[in-house]
Amino acid sequence: MVVLFPAVVLAAAVIVWRGGRSPAAPRTGWRLFAAWAAAGGALEFSFLTAFTVGLLVLPAAAGLLLWVAHSAPRPTEATGFVAGVGTTLMLVAFLNRDYTPCPEHGVLSLPAGSPPGASVSCGGVDPMPWLIMGGALTAFALLGYTAVRALHDVSA
């Protein structure tokens with residue numbers, strides 16, 4: 001199962017390397033960057049949820065990635081894949097924003113004056129590593145794509 005994800009990414013990379021359908025005037029622009037980002041986000045979502053719904057999502061995510069690789073085979077727009085992965089990581093951070101570390105002494109207690117039936121909990125997933133990595137990947141992809149477009153003076 002773990003082999004499926006790298007195999008799909010490798011297949012997309014081969015399609016991009018070979019030039020996909022190589023139209024006479026290759027399409028470029030932010031729409032194709034966004035298509036790559038959607039494919040990257042879908043594949044990352046499938047990977048992160050592999051033990052629940054991920055395997056059900058994988059065929060659609062793989063199909064989207066291979067279709068985008070075939071339709072928009074330019075490496076410049078393919079940086080959107082990294083932005084999609086980063087955006088998915090930031091979504092994980094957002095969903096875990098209520099993370100509360102457990103106390104070191106291991107004893108949980110209710111604050112004084114708590115209403116009857118109140119409860120206290122701790123744990124979860126620390127969102128900061130997810131947020132930092134997701135933000136860095138997204139920023140890297142956006143800045144890289146913008147810089148390459150400015151260098152090549154491509155109009156969208």
For the stretch 119-144 the number of residues that are aromatic (Phe, Trp, Tyr) and either at pLDDT below 95 or more than 29 Å from residue 74 (Cβ to Cβ) (or both) is 1
Go through (1) closer than 22 Å to residue 28 by Cβ; (2) of a type in the set (Gly, Ala, Ser); (3) modelled with pLDDT under 95 for residue 106 and report which single condition fails.
(1)
Which one of these is basic (Lys, Arg) and farther than 30 Å from residue 152 by Cα: 97, 74?
97
Meets criteria (hydrophobic (A, V, I, L, M, F, W, C), closer than 19 Å to residue 137 by Cα, surrounded by 13 or more Cβ atoms within 10 Å (Cβ to Cβ) and in contact (Cβ under 8 Å) with a residue 24 or more places away in the chain) for residue 50
no
Considering residues of the stretch 21-31 that are at pLDDT 65 or above and closer than 14 Å to residue 71 by Cβ only, the residue surrounded by the most Cβ atoms within 10 Å (Cβ to Cβ)
28
Can you tell me how many residues within the stretch 91-146 are in contact with a Phe, Trp or Tyr (Cβ under 7 Å, 6 or more places away or on another chain) and either loosely packed, with under 11 Cβ neighbours inside 10 Å or of a type in the set (Gly, Ala, Ser) (or both)?
2
Criterion (at negative phi, touching a strand residue (DSSP E or B) at 6+ places or on another chain (Cβ under 8 Å) and among the β-branched types (Val, Ile, Thr)) met by exactly one of 100, 146
100
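The values are calculated or read from the model by the stated rules, or taken from the named source; none is laboratory data. In this text, all values refer to a predicted model and were calculated from it rather than measured experimentally. Glycine gets a Cβ as well: all are built from the backbone with ideal geometry, and neighbour counts include every protein chain shown.
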